[in-house]
Amino acid sequence: MKRIRVSMIVVALGLMVGCSATAQMITAKSQSERTTVFTEVTDAGVRPQGFADLVVQATIKTHEAGYYIGDPGKSLHGKPGYPFVFNIDGQAVVWKVDGQREVKPAYDEQGKTSNDPEAGTGAKYILKTKLRLRPGTHRIFFGLPEDGYSVETEITLSDGEEAVLQFKPLYRYKTLPKRIPTFLEGVSTYEIHLNGEKIN
């Protein structure tokens, strides 16, 4: 019994240390070391020579505010201003997105629990923006401070290219009444796609 308790304590401490390290990394990556890597493109003007455009798309669905009993109310889940942290080669930006209430049927036409990971009522946050930067290989950091999640990858852009970089959420599983992923359990990981091809 003592061994089990000790093991549980070790696991819990490991999770706390891991979460703390992730939070520290996201905080660090949300600060810019450089300011000349990219600019946000807000018009439909002609792209100058010697540059590439990168369309960034990311989504997440969360529970509504007050969904969990005892929630202290500090979380931004279900509230305006959910933050997405993005960093390219040391230049950072934090986009704060206002979500929209989204309702999807929890049951399919046969009355069975839906397999859609975003079935149910929650807040859907959709980020879409365009960045302009020099062609070449770039180190990308993507983080969700509210969910303690981050991921890094590298992409290579060609001169004159307009590429699409998508971050697609995969959610944790619930076990009852059947084992299916659901946004109500939070984000497990993100798939990263560049121009439709999975890269992680």
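Look through Gln57, Gln49 and report the one residue that is within 30 Å of Asp159 (Cα to Cα) and part of a loop (DSSP other than H, G, I, E, B).
Answer to the selection: Gln49.
A quick yes/no check of all residues on (1) closer than 24 Å to Thr62 by Cα; (2) touching a Gly at 6+ places or on another chain (Cβ under 7 Å); (3) surrounded by fewer than 18 Cβ atoms within 10 Å (Cβ to Cβ):
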site	(1), (2), (3)
Thr113	yes, no, yes
Arg132	no, no, yes
Gly143	yes, no, no
Asp147	yes, yes, no
Val151	yes, no, yes
Leu176	yes, no, yes
Leu184	yes, yes, no
His193	yes, no, yes
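Quick one: what pairs do we get from segment 69-82, first residue assigned to a loop (DSSP other than H, G, I, E, B), second surrounded by fewer than 16 Cβ atoms within 10 Å (Cβ to Cβ) and at pLDDT 95 or above, C-beta under 6 Å, 6+ apart or different chains?
Cβ pairs passing all conditions: Pro80/Asp98; Gly81/Lys96.
Which one is farthest from Phe38 (Cα to Cα) among residues in segment 102-111 that are touching a strand residue (DSSP E or B) at 6+ places or on another chain (Cβ under 9 Å) and surrounded by 12 or more Cβ atoms within 10 Å (Cβ to Cβ)?
My answer is Ala106.
Please specify each residue of segment 161-200 satisfying the condition of being within 28 Å of His138 (Cβ to Cβ) and free of Cβ contacts under 8 Å to residues at least 40 places away in the same chain.
Answer for segment 161-200, where residues must be within 28 Å of His138 (Cβ to Cβ) and free of Cβ contacts under 8 Å to residues at least 40 places away in the same chain: Ser188, Glu191, His193, Leu194, Asn195, Gly196, Glu197, Lys198.
Can you find, within segment 42-85, the residue that is farthest from Ala163 (Cα to Cα) among those that are aliphatic (A, V, I, L, M) and surrounded by 17 or more Cβ atoms within 10 Å (Cβ to Cβ)?
Leu76
Which one is surrounded by the most Cβ atoms within 10 Å (Cβ to Cβ), of the residues in segment 116-128 that are in a strand (DSSP E or B) and out of contact with any Leu (no Cβ under 9 Å at 6 or more places or on another chain)?
Tyr125
Which ones in segment 89-115 are under 30 Å from Ile155 (Cα atoms) and in a loop (DSSP other than H, G, I, E, B)?
Matches in segment 89-115: Asp89, Gly90, Asp98, Gly99.
This table checks each residue for (1) more than 18 Å from Val151 (Cβ to Cβ); (2) touching a strand residue (DSSP E or B) at 6+ places or on another chain (Cβ under 6 Å); (3) of a type in the set (Phe, Trp, Tyr).
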site	(1), (2), (3)
Gly45	yes, no, no
Phe51	yes, yes, yes
Val56	no, yes, no
His63	yes, yes, no
Lys74	yes, no, no
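The values are calculated or read from the model by the stated rules, or taken from the named source; none is laboratory data. A quick note: this is a predicted structure, and the numbers were derived from the prediction, not measured. All Cβ positions, even for glycine, are placed from backbone atoms using ideal geometry, and neighbour counts span all protein chains on display.
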